[in-house]
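The values are calculated or read from the model by the stated rules, or taken from the named source; none is laboratory data. This structure is a prediction, so every number in the text was calculated from the model and none was measured. Heads up, the Cβs are rebuilt from the backbone with ideal geometry, glycines too, and the neighbour counts pull from every protein chain shown. Areas reflect the complete protein model, heavy atoms only, side chains present, ligands, DNA and RNA absent. Shrake-Rupley method; radii C 1.70, N 1.55, O 1.52, S 1.80 Å.
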Amino acid sequence: MAALPLATAEACDANAALIMNGDLRALQPIFQIYGRRQIFAGPVVTLKIFEDNVLLREFLEEKGHGRVLVVDAGGSMRCAVLGGNLAQLAQNNGWAGVVVNGCIRDVDEINGCDIGVRALNSHPIKSNKKGVGEKHAAVTFAGTRICDGEWLCADSDGILISRSELTV
């Protein structure tokens, strides 16, 4: 069994210099915790969409290899971009987690999946299916800029973004 990711509070305490120079950033505490994996970490893949989840599905159909999909859904509270079927797909394809700056639905199904999910809230309406968005683009939400290839670590204390995998 693989070791659990580093605790976010411990990582912050041990890496004050990285916080000061901006190489370690904490997202603002605006996310709800979903999924069976309360703690997850991995390399970041970014996606920018708005009320459309076609590109989100395309990513989750790929092998995740322990990566974390970070989705800037524009903070929309008008529909969900991730539901139970996509969370199951993410689990089956080996994604560590999905962080959504927007809403999800099928909360009970997602909570049954062995994956970490963070989102602003839940919403029963599904998203559009137009295929509009931008893969691998830098995204900015929750007070920080997040780039493809950075590292994300999440637990019940919060979400950290760093330039590389953290150690203490």
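Every residue, every condition in (1) at pLDDT below 95; (2) open to solvent by less than 10 Å² (accessible area, probe 1.4 Å); (3) within 12 Å of the chain's Cα centre (by Cα), yes or no:
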site	(1), (2), (3)
Gly84	no, yes, no
Val98	no, yes, yes
Arg105	no, no, no
Ile146	no, yes, yes
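Could you go through the stretch 143-159 and let me know if any residue there is among the acidic types (Asp, Glu) and within 17 Å of Gln28 (Cα to Cα). Within the stretch 143-159 (the criterion being among the acidic types (Asp, Glu) and within 17 Å of Gln28 (Cα to Cα)), the answer is yes, since at least one residue qualifies.
Hey, can you tell me all the residues within the stretch 12-29 that are surrounded by 16 or more Cβ atoms within 10 Å (Cβ to Cβ) and within 14 Å of the chain's Cα centre (by Cα)? Ala26, Leu27 - these are the residues of the stretch 12-29 that are surrounded by 16 or more Cβ atoms within 10 Å (Cβ to Cβ) and within 14 Å of the chain's Cα centre (by Cα). Quick check on Ser127: is it among the hydroxyl-bearing types (Ser, Thr, Tyr) and either modelled with pLDDT under 95 or surrounded by fewer than 20 Cβ atoms within 10 Å (Cβ to Cβ) (or both)? No; evaluated as a whole, the condition is false for this residue.
Residues in the stretch 88-106 that are under 22 Å from Gln28 (Cα atoms) and not in a loop (DSSP other than H, G, I, E, B): Gly97, Val98, Val99, Val100, Asn101, Gly102, Cys103, Ile104. Residue check: is Gly64 over 12 Å from the mean Cα position of the chain (by Cα) and under 21 Å from Gly143 (Cα atoms)? Here the answer is no, as Gly64 does not meet what is asked. Taking the listed residues Asn101, Asn53, Asn92, the one that is free of Cβ contacts under 8 Å to residues at least 12 places away in the same chain and not β-branched (Val, Ile, Thr) is Asn92, with no other qualifying. Among the residues of the stretch 150-161, the one identified as under 19 Å from Val71 (Cβ atoms), surrounded by fewer than 22 Cβ atoms within 10 Å (Cβ to Cβ) and among the small types (Gly, Ala, Ser) is Gly158. Among the numbered conditions (1) over 24 Å from Glu10 (Cβ atoms); (2) touching a Phe, Trp or Tyr at 6+ places or on another chain (Cβ under 6 Å); (3) open to solvent by 60 Å² or more (accessible area, probe 1.4 Å), the only one that Glu109 does not meet is (2). The single condition from (1) among the acidic types (Asp, Glu); (2) at pLDDT below 95; (3) under 21 Å from Lys126 (Cβ atoms) that Glu10 fails is (3). For the stretch 30-51, the candidate set comprises residues that are among the small types (Gly, Ala, Ser) and part of a strand (DSSP E or B); within that set, the residue that is least open to solvent (accessible area, probe 1.4 Å) is Gly42. Return only the number of the condition from (1) surrounded by 21 or more Cβ atoms within 10 Å (Cβ to Cβ); (2) under 15 Å from Arg36 (Cβ atoms); (3) in contact (Cβ under 8 Å) with a residue 60 or more places away in the chain that Val70 does not satisfy. Condition (2) is where Val70 drops out. Taken over the stretch 111-166, the residue count meeting the criterion of being assigned to a loop (DSSP other than H, G, I, E, B) and not polar (S, T, N, Q) is 25.
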